[in-house]
Amino acid sequence: MGHVKALHRGAKSFTLEVEANLVVQDVKVGDSIATNGVCLTVTSLGDHGFSADVMPETVERTALGRLKPGSPVNLERALSLQSRLGGHIVSGHIDGTGRIAARRQDDTALWLTVECDSKLLRYIIEKGSITVEGVSLTVARVDERSFSVSLIPHTQLVTTLHRLRIGDLVNLENDIIAKYVEKLLGKTPDETLMAKLRDNGFL
C-alpha cells in the first residue's frame, strides 16, 4: 500500500503523487504501477514515491477521482516473466466501477458485497476471479445484481479493502479470458456452446 501525497487537478485530468517505498525499489520512469487496480505510467520518481498522469478517460471510467491527499491506495508493479502467477491475469485496464452494498464480519473473514452493472456481472461466476481495487479475489457468491467476496485476514491486513464502507465506489476488472472468448464467438454466440463453456469453467 501507499498514500496519496497530492493531486494537481486540471480541467478534466489530474497528476497524482503517491508516497510509497517497496513499490518504487526497482521502478523507472515509463514503467507501469497499478494504483487501486488502474494501470498508470510513472512520469517522475523519487526515493519515497512516484507521480503519474490521470487522463479524462481514466477519470470517467474509474474511481480514482474520489482520491484525496492522505487516501491509502493499493499498489502493484507489472508482472515479471520470472514471477509465479499467484492470482489471475490482471491487466490494470478497468472495465467499470461498482459500489459496496454490504459488509459483514464472519469470524476472521470479512465479506463484501458489490453491486455493479449487468454488463460487468455477466463475466462474473461463482469461484471465478474478479479484481476489486486492484486486488485479485475469488468470487464467493453471485446474484442478479451483485457479487460477494470473502477476505482472509492477510488480504485485510495488506490492502485497503478492509476500509471500504457501504456506498463506496470501487474499481472492477473482469477476467480477461471470458471477454476474449465472447469476442471470438461473436456478439450473439450459440447458447448451447456458451452453456458448455460455462459448465467446463471457461466462463
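The values are calculated or read from the model by the stated rules, or taken from the named source; none is laboratory data. Keep in mind that what you see is a predicted model, and the values were worked out from it rather than measured. For neighbour counting, all protein chains shown are included, and Cβ atoms are generated from backbone atoms with ideal geometry for every residue, glycine included.
General remarks:
- The residues in the stretch 99-134 that are more than 18 Å from ALA34 (Cα to Cα), outside any loop (DSSP other than H, G, I, E, B) and among the small types (Gly, Ala, Ser) can be counted, and the count is 4.
- Hey, VAL73 crowded, with 16+ Cβ neighbours inside 10 Å, in contact with a strand residue (DSSP E or B) (Cβ under 6 Å, 6 or more places away or on another chain) and at pLDDT below 95 or not: no
- Among (1) surrounded by 13 or more Cβ atoms within 10 Å (Cβ to Cβ); (2) farther than 19 Å from ASP168 by Cα; (3) touching a residue at least 24 places away in the same chain (Cβ under 8 Å) - the single one VAL114 does not satisfy: (2)
Let's see how each residue does on (1) without any contact (Cβ under 8 Å) to a residue 24 or more places away in the chain; (2) assigned by TED's automatic domain parsing to the domain that holds VAL158; (3) more than 27 Å from LYS179 (Cα to Cα); (4) of a type in the set (A, V, I, L, M):
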residue: ALA6; (1), (2), (3), (4): no, no, yes, yes
residue: MET55; (1), (2), (3), (4): no, no, no, yes
residue: THR62; (1), (2), (3), (4): no, no, no, no
residue: PRO69; (1), (2), (3), (4): no, no, yes, no
residue: SER91; (1), (2), (3), (4): no, no, no, no
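- Count of residues meeting criterion [in a strand (DSSP E or B) and either surrounded by fewer than 15 Cβ atoms within 10 Å (Cβ to Cβ) or polar (S, T, N, Q) (or both)] in the stretch 170-186: 1
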